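Participant: Sending over a structure as structure tokens; questions will come in a sec.
The values are calculated or read from the model by the stated rules, or taken from the named source; none is laboratory data. The model shown is predicted, which means the values in this text are computed figures rather than measured ones. For neighbour counting, all protein chains shown are included, and Cβ atoms are generated from backbone atoms with ideal geometry for every residue, glycine included.
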Amino acid sequence: MLSNTTGNKLNMYVPNYVVFDLETTGVSPSSDEVVEISAIKVVNGVVSSEFSTLVNPGRHIPYFASEVNGITDDLVKDAPCFEEALHDFLTFTGDMVLVGHNIHTFDMKFICRDALKYFGKTIGNDYADTLYLARAVYPMLSCHKLTYLADYLGLSTEGAHRALNDCRMTQVLFEKIGEEMKKGASGNVRICAKCGSPMVRRNGVRGPFWGCMSYPACRNTMDI
């Protein structure tokens, strides 16, 4: 939804959400453009509908980008511009929580930038980033890239780096994270008793301790 203020980053599982993903001409939110946007709506933990469209970025798609996602100038020549695609995406999502992998530093920057450009407002939806949550829930893993996590969880990575396929992997990952968080200390993660966020291991002047992932909004700690 459009708003005067950007939504908050959540460090918890929610059962109702829209997972989304972008493919772009490059990695810079200041100079690159979106070439594909996809989303999956989930209600009570169950997929209810999907949204996906290619986007004509109005510029040449660099070879290195096409090598990653397989999206070429020819594929997007008849696709809508991002103003139209973003409008349809926002209609699809409404005010639901947004979920994605590495969206805090990547995808959210693109859609907030273009919402301001086209509509004069930013994106007000709260959002959860599965990259940060996976680091807290699966601290034993050496890598937390989406495809690595999918392999770890036994998910198919076929079609990775196309937006809808990445959404499908992320949706299952978020549900797995939710399951681990429900287990609490009996699983891979400790949950903050005050706000429900994961606890992460930190080091202080008196030694290591468990600190809330939502610090500084929540300053709850636990002894190790």
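Participant: Scan the stretch 105-115 and give yes if some residue there is of a type in the set (S, T, N, Q) and either at pLDDT below 95 or more than 21 Å from Thr6 (Cβ to Cβ) (or both), otherwise no.
Facilitator: So far as the stretch 105-115 goes, no, none of its residues is of a type in the set (S, T, N, Q) and either at pLDDT below 95 or more than 21 Å from Thr6 (Cβ to Cβ) (or both).
Residue by residue, here is whether (1) over 16 Å from Asp95 (Cβ atoms); (2) of a type in the set (Phe, Trp, Tyr); (3) surrounded by 12 or more Cβ atoms within 10 Å (Cβ to Cβ); (4) not assigned by TED's automatic domain parsing to the domain that holds His104 holds:
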site: Met12; (1), (2), (3), (4): yes, no, yes, no
site: Val18; (1), (2), (3), (4): no, no, yes, no
site: Asp21; (1), (2), (3), (4): yes, no, yes, no
site: Glu36; (1), (2), (3), (4): yes, no, yes, no
site: Arg59; (1), (2), (3), (4): yes, no, no, no
site: Phe64; (1), (2), (3), (4): yes, yes, no, no
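Participant: Search the stretch 158-206 for residues being among the polar types (S, T, N, Q) and farther than 27 Å from Ala39 by Cβ, and hand back the single one that is modelled with the highest pLDDT.
Facilitator: Top of the filtered list is Asn203.
Participant: Find the residue count for the stretch 106-139, including only residues that are within 21 Å of Val172 (Cα to Cα) and either among the hydroxyl-bearing types (Ser, Thr, Tyr) or assigned to a strand (DSSP E or B) (or both).
Facilitator: Residues in the stretch 106-139 being within 21 Å of Val172 (Cα to Cα) and either among the hydroxyl-bearing types (Ser, Thr, Tyr) or assigned to a strand (DSSP E or B) (or both): 6 in total.
Participant: Which one of the conditions (1) in contact with an Asp or Glu (Cβ under 7 Å, 6 or more places away or on another chain); (2) not in a loop (DSSP other than H, G, I, E, B) does Leu149 fail to meet, given that it meets all the rest?
Facilitator: The single condition Leu149 does not satisfy is (1).
Participant: Related question: Just wondering, is there one or more residues in the stretch 128-138 that are free of Cβ contacts under 8 Å to residues at least 40 places away in the same chain and within 23 Å of Ala65 (Cβ to Cβ)?
Facilitator: Yes, there is a match, as at least one residue in the stretch 128-138 is free of Cβ contacts under 8 Å to residues at least 40 places away in the same chain and within 23 Å of Ala65 (Cβ to Cβ).
Participant: I'd like the full set of residues that are without any contact (Cβ under 8 Å) to a residue 60 or more places away in the chain and in contact with a strand residue (DSSP E or B) (Cβ under 7 Å, 6 or more places away or on another chain), limited to the stretch 3-31.
Facilitator: If the condition is that a residue be without any contact (Cβ under 8 Å) to a residue 60 or more places away in the chain and in contact with a strand residue (DSSP E or B) (Cβ under 7 Å, 6 or more places away or on another chain), then Thr25 is the only one that fits.
Participant: Considering only the stretch 23-68, state which residues are modelled with pLDDT under 95 and in contact with a Lys or Arg (Cβ under 7 Å, 6 or more places away or on another chain).
Facilitator: If the condition is that a residue be modelled with pLDDT under 95 and in contact with a Lys or Arg (Cβ under 7 Å, 6 or more places away or on another chain), then Pro29 is the only one that fits.
Participant: Also, quick follow-up: Name the residue that is farthest from Tyr148 (Cα to Cα), counting only residues in the stretch 93-112 that are surrounded by fewer than 17 Cβ atoms within 10 Å (Cβ to Cβ), touching a residue at least 40 places away in the same chain (Cβ under 8 Å) and in contact with a strand residue (DSSP E or B) (Cβ under 9 Å, 6 or more places away or on another chain).
Facilitator: For the stretch 93-112, the residue satisfying everything is Gly94.
Participant: If a residue must be over 15 Å from Leu54 (Cα atoms) and among the charged types (D, E, K, R), how many such residues does the stretch 141-170 contain?
Facilitator: Counting residues in the stretch 141-170 that are over 15 Å from Leu54 (Cα atoms) and among the charged types (D, E, K, R) gives 4.
Participant: Which of the residues that make up the stretch 5-32 are over 25 Å from Leu54 (Cα atoms), part of a loop (DSSP other than H, G, I, E, B) and of a type in the set (A, V, I, L, M, F, W, C)?
Facilitator: Scanning the stretch 5-32 gives Met12, Val14.
Participant: Continuing with this model, one more query. Determine whether the stretch 176-189 contains at least one residue that is among the β-branched types (Val, Ile, Thr), without any contact (Cβ under 8 Å) to a residue 60 or more places away in the chain and surrounded by fewer than 20 Cβ atoms within 10 Å (Cβ to Cβ).
Facilitator: Scanning the stretch 176-189, I find no residue that is among the β-branched types (Val, Ile, Thr), without any contact (Cβ under 8 Å) to a residue 60 or more places away in the chain and surrounded by fewer than 20 Cβ atoms within 10 Å (Cβ to Cβ), so the answer is no.
Participant: Follow-up question, since we're still on this one. Could you check how many residues of the stretch 76-91 are of a type in the set (Phe, Trp, Tyr) and over 13 Å from Ile123 (Cβ atoms)?
Facilitator: Residues that pass the stated criteria total 1.
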